[in-house]
Amino acid sequence: MSEEKFFHVGERNPGAIAPTQFEVGPFTKARHPEPYTFDVNLVAEAGKMQSKQGVVSVNIPGFSPVKLYCDEQPPVGEDTAPPPLAFFAAGIGFCLMTHLTDILTARKIQVDSLKLEQRIKFRTNLGHMRDHGYMTEGGCDMVETHVIIDSPESKERIMDLLQEAEGGCMAHYALRNPIPWSTRLVYNGEEAVSRSGN
């Protein structure tokens, strides 16, 4: 019998997140019809080879900070934890499922079974082009989502459920719409790069 491999994903973090480059803002309840706004914050640190760990926190009361572990496959990593893109992909699918289950509960829609299957196509020249003097480049070419529902409800009601869930899913919104972004490099305590776009 082969020895079971230890694969570490994460655990609840005992303390609050402590970033040094921004302040964790408070969550403020919105008044109708204004939307709620909230932050998801991450502080991550590189370890040996490709191992990384970070604490991720949602600033809505009731969410515990979570310490997550991340790694890559050999020979660059040791395959002790999921790679970054696994967390990214799972987050997209789980976020949509959260909205589906929330809406079907609120609308009293009977669903006997709800499953999601998702495929995302990525590309990178990491691992072969860099050896030939090229810069590392990557991209994402496609996100394919299959929502599989068994229900005695009408097809139209289930189609409306999906449409509302997709419209409410913040992860899907980020995939479908250009959003403002910014990146800073703090080198030896001083800002060396600051760029942004949308």
- Item | Residue check, M159 surrounded by 10 or more Cβ atoms within 10 Å (Cβ to Cβ) and not hydroxyl-bearing (S, T, Y) | yes
- So F94 fits all but one of (1) under 29 Å from A18 (Cβ atoms); (2) buried (at least 16 other Cβ atoms within 10 Å of the Cβ); (3) without any contact (Cβ under 8 Å) to a residue 60 or more places away in the chain; what number is the exception? (2)
- When residues of region 97-112 are filtered for being surrounded by 15 or more Cβ atoms within 10 Å (Cβ to Cβ) and touching a Ser or Thr at 6+ places or on another chain (Cβ under 8 Å), how many remain? 2
- Quick check, is V55 surrounded by 15 or more Cβ atoms within 10 Å (Cβ to Cβ), at negative phi and among the aliphatic types (A, V, I, L, M)? yes
- Task: For region 72-105, name all the residues that are under 16 Å from E117 (Cβ atoms) and aliphatic (A, V, I, L, M).
- Result: A86, A89, A90, I92, L96, M97, L100
- Given (1) modelled with pLDDT of 95 or more; (2) open to solvent by less than 90 Å² (accessible area, probe 1.4 Å), where does K115 come up short, assuming only one miss? (2)
- For region 92-105, indicate whether the set of residues that are of a type outside the set (A, V, I, L, M) and over 29 Å from V147 (Cβ atoms) is non-empty. no
- Quick count over region 6-51, residues being without any contact (Cβ under 8 Å) to a residue 60 or more places away in the chain, of a type outside the set (S, T, N, Q) and open to solvent by 80 Å² or more (accessible area, probe 1.4 Å), is 19
- If you check T136 against the conditions, is it under 26 Å from V76 (Cα atoms) and exposed (fewer than 11 other Cβ atoms within 10 Å of the Cβ)? yes
- Message: Residue under question is M135, and the condition is that it be farther than 29 Å from I103 by Cα and of a type in the set (A, V, I, L, M); does it hold?
- Response: yes
- Is there any pair with a first residue in region 98-124 that is on the phi < 0 side of the Ramachandran plot and a second that is open to solvent by 60 Å² or more (accessible area, probe 1.4 Å) and of a type in the set (K, R) whose Cβ atoms are under 8 Å apart and which are 6 or more apart or on different chains, and what are they? I109/R157
- Select the strands (runs of 3 or more DSSP E) contained entirely in region 138-198, then report the ones holding at least 2 residues which are touching a residue at least 60 places away in the same chain (Cβ under 8 Å). 181-187
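The values are calculated or read from the model by the stated rules, or taken from the named source; none is laboratory data. Fair warning: this is a prediction, and the values are worked out from it, not measured in the lab. Cβ coordinates were reconstructed from backbone atoms using ideal geometry, including for glycine residues, and neighbour counts include every protein chain displayed. Areas reflect the complete protein model, heavy atoms only, side chains present, ligands, DNA and RNA absent. Shrake-Rupley method; radii C 1.70, N 1.55, O 1.52, S 1.80 Å.
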